[in-house]
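Following: one structure in structure tokens, then a few remarks.
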Amino acid sequence: MKFLTFQVFSLQGKPCGVFYPSVFPKSIFMKYQIFVLPLLTLMFFTACKKDEVKPNDSRNPNPIRFDNPTVGQTSRYVRFSDSNANDDDNSFNFIKDTLVLEIVASDANGFKVKESLTPGSSCLTQTENPCSTDAIFYYFKIENDTVTLYDPLEPAACCPMMFWHSFKLPLTVADHLFTVDKWKLIAPSTVTNCPESGRVENFSQFGTNYGTMKVTSTLSCNRAFDGHDYTYVYSASKGIVRYYEIGSWIPTGTGWYLLN
């Protein structure tokens, strides 16, 4: 005998499912409804609550922040790429690579960060120059209102995904207003220091407006020496929300967006 039927409901635009009595002897149902109805109500709201979770809610529930770093904070990023960062086309491609930065320890060197790719990342299995499955470890420390990223054992360490060399991100920047060009950020012509630092207002990505963010970039100086250009968008409370680099000889752009 069929006792239960599955019914789909909609709650705030989210499909929800629940079982309810379909072919069920009325006398039995009435007799035990004091037990059955609360159980069905609980099943309904439990099923719907699970569907109410937004896709990005669990991506970065406890991201790395520079004003209060603690062990366990984790930030996840998705890779993007553009074959020509200098053209007028505003499009770029997202690549199925997810980068994870996690603070795993705190000691005299600062906060130790583990950098790794998730197992499903495409570059781990690509046939040409596949990425390493090994995690990379380095530190960041905060002194004199500046975040310094470095490897105490190899000061000139090369090849983490997010940082090529020891890098400094000032938390107090000059009042230079960067502008958004395509997905790049451009310093005003009055800036002559290298790296350049300033701010960008109403910075948005993935539908999230981060407000005023800090910017540190080598966009106008490294290329003169045939080096890659690097740009970081960050704040004390959000950590790094975007990083990208642009090649010197071939202006291919690639980088990482913080997932919401």
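The values are calculated or read from the model by the stated rules, or taken from the named source; none is laboratory data. It should be emphasised that the depicted structure is a prediction, and the values quoted were computed from it without experimental measurement. Methodologically, a virtual Cβ is constructed for each residue, glycine included, from the backbone with ideal geometry; neighbour enumeration extends over all protein chains shown. Heads up: the accessible areas ignore ligands, DNA and RNA and are worked out on the full protein's heavy atoms, side chains in. Shrake-Rupley method; radii C 1.70, N 1.55, O 1.52, S 1.80 Å.
Per-structure values
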| quantity | calculated |
| --- | --- |
| Full-stretch length increase - THR70, THR212 - with 0.36 nm per residue and alpha-carbon distance subtracted | 48.7 nm |
| Within the accessible area of segment 82-205 (1.4 Å probe), percent carbon and sulfur | 50 percent |
| Surface accessible to a 1.4 Å probe, per residue, for the residues of segment 70-149, Å² | 55 Å² |
| Filter on LYS112/LYS168; LYS114/LYS184; LYS184/LYS214 - keep pairs with C-alpha separation over 19 Å | LYS114/LYS184 |
| Cα→Cβ-extended label distance, 7 Å offset, between LEU153 and ILE95, nm | 2.7 nm |
| Fraction of alpha-carbon pairs over 17 Å apart in segment 82-202 - percent | 69 percent |
| Calculated FRET efficiency for the pair CYS123/HIS176, C-beta based, R₀ 25 Å, to 0.05 | 0.15 |
| Per-peptide average of other Cβ atoms within 10 Å, ordering 61-70, 74-83, 203-212 highest first | 74-83, 61-70, 203-212 |
| Approximate shape of segment 87-153 as ellipsoid semi-axes (Cα gyration tensor, √5λ), whole Å, largest first | 29, 18, 10 |
| Inter-label distance, nm, simple model (7 Å from Cα along the C-beta direction), ASP88/THR252 | 2.6 nm |
| Stretch gain in nm, segment ASN260-ASN202, where the contour uses 0.36 nm per residue and the Cα spacing is subtracted | 19.3 nm |
